Amino acid sequence: MTTPRLPAPLAALGVLGGLLLLLPFVGLAVQVPLRELPALLSGEVALEALRLSLASSTLATLVSLLLGLPLAYLLARHDFPGRRLLRGVVLLPLVLPPVVGGAALLFALGRRGLVGAQLEAATGIVLPFSFAGVVLAVTFISMPFLVVTVEGALRGLDGRHEAAAATLGAGRWTVLWRVTLPLVRPSLVAGLALTWARAIGEFGATLTFAGSLAGRTRTLPLAIFVALEQDRDVAIALSLLMVVLSLAVVVPLRDRWWGRAGSGP
């Protein structure tokens, strides 16, 4: 099947859009101090920030799986009062500035927050300005990616396979684990990958709720922000590391998720 040629003005605008997205990364790449790069990335600042980012994003992804998968199933398969409102709340972290999410977390779970004061009195746990606060902040921002992706897959499923399994005597849990989840596995994997990528890149909510404490809450994005004022080469090296980590997630997803709609390479 022959693909119609794009009109020249639209092709020019498309190229311009691609350049707009590409140019900043080219600008970053040409500034990378290649000779000093190994030393910069193996320094204490980089390794500590990388450790915190990997740990917090991985834990946030696991929490998102534990809570987000049931939430996606609830939104996709059950009609209940307030479902539209709940779906809107799920989408809010995707569209609001992350700093607003961080402020909301402070007002709810801070030491003087709606629940935070009672939590501290009952358990002694203080979430703000702690590693647990980092995990909570990045989970709040990134979990909607998993919920939205999996909910869309569940809503688009052909229910005949599940109905057939139920007719053959399979219980609800068996249908869920043996039929439903395998059918949505590609979307689940994509949602988890996007959740992890968003979590490792989170900045605003983390800074607002957990602060930027070296060795405790200063993840890669926060370390880059600090390094921009203190050591430009470190900031460039860490920025390059963030780009590589993000590409490592996004490029495989192209064929698994977005690329399925097209037949090109």
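Just so you know, all these numbers are worked out from the coordinates, no wet-lab data involved. None of these values were measured; they are calculated from a predicted model. Virtual Cβ from ideal backbone geometry, glycine too; neighbours counted across all protein chains shown.
Of note:
- Subset of segment 13-43 [under 26 Å from the mean Cα position of the chain (by Cα) and of a type outside the set (A, V, I, L, M, F, W, C)]: 17, 18, 24, 27, 42
- For segment 1-38, filtered to residues that are of a type outside the set (A, V, I, L, M, F, W, C) and part of a helix (DSSP H, G or I), the residue that is farthest from residue 224 (Cα to Cα) is 9.
- Residue ranges of helices (runs of 4 or more DSSP H) in segment 160-200 with at least 2 members without any contact (Cβ under 8 Å) to a residue 60 or more places away in the chain and closer than 29 Å to residue 141 by Cβ: 185-200
- Per this entry, residue 136 is not counted among residues that are surrounded by fewer than 16 Cβ atoms within 10 Å (Cβ to Cβ) and closer than 30 Å to residue 54 by Cβ.
- Residue match in segment 101-108 (condition: more than 24 Å from residue 192 (Cα to Cα), touching a residue at least 40 places away in the same chain (Cβ under 8 Å) and of a type outside the set (Lys, Arg)): yes
- Hits in segment 169-189 (condition: of a type outside the set (A, V, I, L, M, F, W, C) and buried (at least 16 other Cβ atoms within 10 Å of the Cβ)): 180, 187
- Hey, residue 107 not in a helix (DSSP H, G or I) and not acidic (Asp, Glu) or not: no
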